[in-house]
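Read the structure below first, then the notes.
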Amino acid sequence: MASVLSLTLIGIFLSSFSSYPISLPQQIGRINDYGNVLTREDREELARSLQELAERGIRVNLLISLRDPYRNPNLYTSKIRAKWGIRGESAESLIVFVKESDGWKLGIFLTPAASNLFSPEGLTEYREKLEEKAEAGEIRTGSRYAINHMYVKAYPPARKTEANKEEEEGLPWIYIASGVAGGIILLGLGIRWEAMHRCPRCGSRLKKTRMPGGESQGGEKHCPECGYRE
């Protein structure tokens, strides 16, 4: 009788224990670093990128977690999406790095708006790269790559057109031509100045006669060689 009662009590205890909801991390923003692996600069940079992605209709969330109560990263990702209300009509992309008993794992869900940024091959490479980062425990660099690579796909660097290339290629010649022209002008001015201070008879440099008081301004010019005056 006692054993039956004990088993009954244990059964009641276990059933009541299992009825408690599993605790999952709250959403604190688009960046949810519960593993504390990102620096402040990382978070600020990624937050800007995520905001600009959201302006394009590409809403992405990042979760770094140290505990998976389901021991299944895909199931964990699905449960997180349900808890955060980011699936169904309000679906948003979610990238999860979660620490399991045998190391870090990746859970990922991308909306069409996000996955359409990639070619089929590019999307496969993107997932494989993130899985490699997770398996290597490189969660900080993996998180940065996850967001930054998607951002580059949405905002590719401006490519130079042929007209811009030809314009840039022509700029050095413009600088050279401008320099040569400037040099010729300066040379001409120098020659003219020199000619104005030379004797028209013998070519010697003219000298100014100092006026009383030591002032040379207004004095006449004369040639010390041939005596020419002006």
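Please treat every number below as a calculation from the coordinates, not as lab data. It should be emphasised that the depicted structure is a prediction, and the values quoted were computed from it without experimental measurement. FYI the Cβ positions are ideal-geometry reconstructions off the backbone, even for glycines, and counts take in every protein chain you see.
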> What do you reckon, is N148 within 21 Å of the chain's Cα centre (by Cα) and not in a loop (DSSP other than H, G, I, E, B)?
Replying inline: yes
> If you go through region 114-145 one residue at a time, how many are in a helix (DSSP H, G or I) and small (G, A, S)?
Replying inline: 6
> Do you know which residues across region 50-77 are farther than 21 Å from E135 by Cβ and over 29 Å from the mean Cα position of the chain (by Cα)?
Replying inline: P69
> In region 118-143, what residues are touching a residue at least 60 places away in the same chain (Cβ under 8 Å) and among the polar types (S, T, N, Q)?
Replying inline: S143
> Pick from A146, A113: which is over 22 Å from L38 (Cα atoms), touching a residue at least 40 places away in the same chain (Cβ under 8 Å) and aliphatic (A, V, I, L, M)?
Replying inline: A113
